[in-house]
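Below: the structure, in C-alpha cells.
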Amino acid sequence: VAALAEWVDGWARPGGIPVVGAAELGGWTPGPRTQRIIRPTPVVNLDARTDYGRIHHRTPACVLEPRTEAELAACVRRLAEARVPFAVRGAGNSSGGQVLSEGGVVIATRRLRGVVADDPAGERIQVRGGTLWSEVMRHLGPQGRRPPVLIGNQLTSVGGTLSSGGVGGTSLLHGMQIACVTGLTLVLPTGDTVEVGPDDDLFRYTLGGAGQLGIVARAELATVRRPPDFLVRLCAWATVRDFVEAAIRIRETERFEVFAGRFVHDTPERVAYIQGRVGVFCDGSRGAPVPAGAQLWDQPIPDEDAAPEPARETLSPSLLLFLPLPDGIPVWDAVVEELRGTGVMGYMATSSPVGVLRRDGRFPVAPFPASDDCLFFGIRPEVPPAELERVMAVLRGIAARVLDAGGKLELTSTVRPQGEALDRQLGAAAGRFRALKAQVDPHGLLNPGLLS
Ligand SMILES: Cc1cc2nc3c(=O)[nH]c(=O)nc-3n(C[C@H](O)[C@H](O)[C@H](O)COP(=O)(O)OP(=O)(O)OC[C@H]3O[C@@H](n4cnc5c(N)ncnc54)[C@H](O)[C@@H]3O)c2cc1C
C-alpha cells in the first residue's frame, strides 16, 4: 500500500494533480458518531473510506482528485500502464462499497466540476462529470431552465447518477435522467478520451451501467424551460394496484408533469397507503393564490457546503428495486409483508419512494424490467449496527425475490447482483456488455468487482 501511494505521489504531485494520502483521510471524518439522525439529510460524503451506507469501511492507498479532463486522462493512463485497478467516486451516495478501495486507488471527481458550455437557445448544457445536480440547478434555475428529469437528491454527481439511472418527480412522463443525455465525453480505462452519442453502444451501455466502461468526464444534457416549484394535489390510494392504474391514467392525459409517490408505512394507528403528489410546475415566489385543494411544493436547491456530513450511529443500507408490471404486484405485496414481518419497516422512515416508469429500450443495462411499465420502490432503513446482519439477510432475500420475478436492482444499491444473478438482471444485454468491457478494459481495472 505504501509503495503504491508513493508511486502515485511520484507522478501526481509533480504534475500538479491533487492527491490525498491515506494518512490525510482522517482529516475528513465528521467526528464521533454521537448524533442520531433517523432520517439523514442528504449530504456530500467526503470521507473516501465510506459511502452513504457506512456498512463498508475501506482505506485506500490514496485518492486522486483530477481537476480537468486532461488530468483525469493522465491519471487513468498512468494507472492503466501499470495495471493498477481503481474505483471512481462521485458524491458517494452508493451504499454497497462500489466507490471504495482497500489499499488501492480511488479517483474522486469532486474537483472535476462546473459548466463547460451552455446553449440556452438550443436547450443544451455541457457539464463536467463530477458536477453536482445542485450546481447544475444553480446555473439553470435563474434562467428558468432545468433538465426534464432531476433526481430527488441533488447532492449527487452527474456522472454517478448517469451510471445508475436516476428517477425523479417527473419520471412518470419523462423517464430516467439518462434519457436527458445527448452526448458523453468518456475517459476509457486506457486513458483515451472518446466522444459518444446516442447511436454509440458505448453511450447506451454506459448510461445505467455502474461505471464499468468509462469515466464520464463530461455530459451534454437537454434542458427545458420550467418555473422552479411544483403546484400539487395530494392523492391517496389504498393499494399499489390502484396507484399503478391511476399513474398510467394520469400519464395518458399528459397534463401533469409532476408525479411523486410515497408508500406510507403502517403503524398501530394507521393502515399503509400510497400517497401521491400530482401536479404541474409553478413559480412559488410570485405569490399567486394557491387554488383550493392544491399545495405549493417548493423545490429549494440544496447548498452542498451548508450540509456537513452528519455523524450517524446507524448504518444505511439501501435497495432501489424495479418490478415488472402487472406481474410484479404480488411481489410488491410479498416484499412489504417481509419488511413488516421482519421488523425492518420499523427502521425505515414513515414513507418510502415509489413510482411508475415506462421502459426505455435505448438503455440495455439500465434497470428496466422487460415489461412496458415498471414499479420502483426505494427501501432505505436506518439500522443499528447490532441489527445489520439480520437486516442485510432480509434485503438479500428481497433482492433475490425481485430478480426471480424478472425485476431489476439499481446497481448503486447495497445489495447488487453479481455473477449469475447479474446475468439474469442484464438478460439479453449481458453478452454485449461483457464484450464491451473486455474490449475497453481488458485488464478489468475500472471499478472492479461487478464484471471483472
Ligand atoms: C438519500 C438518498 C436519496 C436518493 N434518491 C434517489 C432518487 O431520488 N432517485 C434515484 O434515482 N436515486 C436516488 N438515490 C440513489 C443515488 O442517488 C445514486 O446512487 C446516485 O445518483 C449516485 O450519485 P453519486 O454521485 O453519489 O455516485 P457515487 O455513489 O459516487 O457513484 C455511483 C456509481 O457511479 C460510478 N461513478 C461515479 N462517478 C462516475 C463518473 N464520473 N463516471 C463513471 N462512473 C462514475 C461509481 O463508480 C459508482 O459505481 C438516492 C440515494 C440516497 C442515499
Exercise for review: Look through segment 132-150, keep the residues that are farther than 14 Å from ASN93 by Cβ and in a strand (DSSP E or B), and return whichever of them is nearest to the ligand (Cβ to nearest atom).
Suggested key: ARG146
Practice item. Please give the number of the condition ASN153 fails out of (1) within 6 Å of the ligand (Cβ to nearest atom); (2) modelled with pLDDT of 95 or more; (3) touching a Pro at 6+ places or on another chain (Cβ under 6 Å). Key: (2)
Practice item. State which residue pairs qualify: first residue more than 14 Å from GLU65 (Cβ to Cβ) and inside segment 77-96, second residue assigned to a helix (DSSP H, G or I) and near the ligand (Cβ under 10 Å from one of its atoms) in any location, beta carbons under 8 Å apart, and separation of 6 or more residues or different chains. Key: ASN93/GLY160; SER94/GLY160; SER94/SER164
Review point. Given the structure, is VAL194 assigned to a strand (DSSP E or B), buried (at least 21 other Cβ atoms within 10 Å of the Cβ), more than 9 Å from the ligand (Cβ to nearest atom) and over 17 Å from the mean Cα position of the chain (by Cα)?
Key: no
Exercise for review: Give just the number: which of (1) assigned to a strand (DSSP E or B); (2) within 13 Å of the ligand (Cβ to nearest atom); (3) surrounded by fewer than 24 Cβ atoms within 10 Å (Cβ to Cβ) does ARG110 not satisfy?
Suggested key: (1)
Study note, to complete from the structure: Of (1) out of contact with any Lys or Arg (no Cβ under 6 Å at 6 or more places or on another chain); (2) under 25 Å from PHE86 (Cα atoms); (3) surrounded by fewer than 23 Cβ atoms within 10 Å (Cβ to Cβ), PRO148 fails just (2)
Check your understanding: Does segment 62-73 contain at least one residue that is away from the ligand (no atom under 13 Å from the Cβ), in contact with a strand residue (DSSP E or B) (Cβ under 7 Å, 6 or more places away or on another chain) and under 30 Å from MET392 (Cα atoms)?
Key -> yes
Point to revise | Unmet criterion (only one of (1) under 22 Å from PRO189 (Cα atoms); (2) within 12 Å of the ligand (Cβ to nearest atom); (3) buried (at least 22 other Cβ atoms within 10 Å of the Cβ); (4) without any contact (Cβ under 8 Å) to a residue 60 or more places away in the chain) for GLY129 | key: (4)
Revision key, fill the gap. Reported set for segment 1-15 where residues are aliphatic (A, V, I, L, M) and touching a residue at least 40 places away in the same chain (Cβ under 8 Å) is VAL1, ALA2, LEU4, ALA5, VAL8, ALA12
Practice item. Return the residue satisfying two criteria in turn: it lies in segment 113-126 and is aliphatic (A, V, I, L, M) and surrounded by 15 or more Cβ atoms within 10 Å (Cβ to Cβ), and of such residues it is nearest to the ligand (Cβ to nearest atom). Key: VAL116
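The values are calculated or read from the model by the stated rules, or taken from the named source; none is laboratory data. Note that the structure is a prediction, hence the values are computed from the model and not measured. Every residue, glycine as well, gets a Cβ built from its backbone with ideal geometry; the counts of neighbours run over all protein chains shown.
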